[in-house]
Amino acid sequence: MALTGEQIRWILIASVFGVALLACLFFVWKGKKKDGALVMLCGSLLVAFFALSDFASVSEYGSGSLAPVGEGAPAVTLEIDASLAGEGYLLAPREVALVPGESVLELLLRVTQAEGIRIEYVGGYVEGIGGIYEFDHGDQSGWTYTVNGVTGSVSSAEYIPEDGDVIRWYYVTSYTGTEGIS
């Protein structure tokens, strides 16, 4: 049976509190009340840290972020194509639940996190996906996106997709040509 993040948090809290209490009692028993008080203070700080922290088990990490799309629920199709970098699809086209107000970039981040695909970005600009980075295949290579076949005219952090949109992230070898556009 796997532990939940909440169970992990409480086990850590109980462990730290127990060790701090035992150490405090030991120092008090040895006649070193200052050391006991210091141990209790440090233990209390650790307990507070664990109490305020959010823990997730491996099975919970990213859970719910790609909830199945219910019938009639708003959804988009997302794909990540690295064919021009020789890698094919990093994410084959798939239907993903649409979160109201979520930008194209936020959608990409949510899906890549849930799928364990590494992404590097600054602002709304994606520098790398899945270990494939801008300039890896020439001085005009990098990542771009389309929505319903139209290249994004605004930053991916600003574009808010709508129900039924098809979002395609793809790697290009030239922003001035048509390489990678289909």
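Structure summary
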item	result
Whether region 68-182 is rounded, prolate or oblate, judged on the alpha carbon gyration tensor where a/c under 1.5 counts as rounded	prolate
Region 88-182: chymotrypsin sites (Phe, Trp or Tyr not before Pro) in DSSP coil with no more than 11 other Cβ atoms inside 10 Å	Phe135
Whether region 111-153 is rounded, prolate or oblate, judged on the alpha carbon gyration tensor where a/c under 1.5 counts as rounded	oblate
Phi to ³J(HN,Hα) by Karplus 6.51 cos²θ - 1.76 cosθ + 1.60 over region 137-151, Hz, x for Gly, Pro	10, x, 6, 10, 8, x, 9, 9, 9, 10, 10, 6, x, 9, 4
Amide H contacts under 5 Å for Glu127, placed H, 5+ residues apart	Glu120, Tyr121, Val122
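Only the coordinates and a few stated rules stand behind these numbers; no lab work does. The model shown is predicted, which means the values in this text are computed figures rather than measured ones. Heads up, the Cβs are rebuilt from the backbone with ideal geometry, glycines too, and the neighbour counts pull from every protein chain shown.
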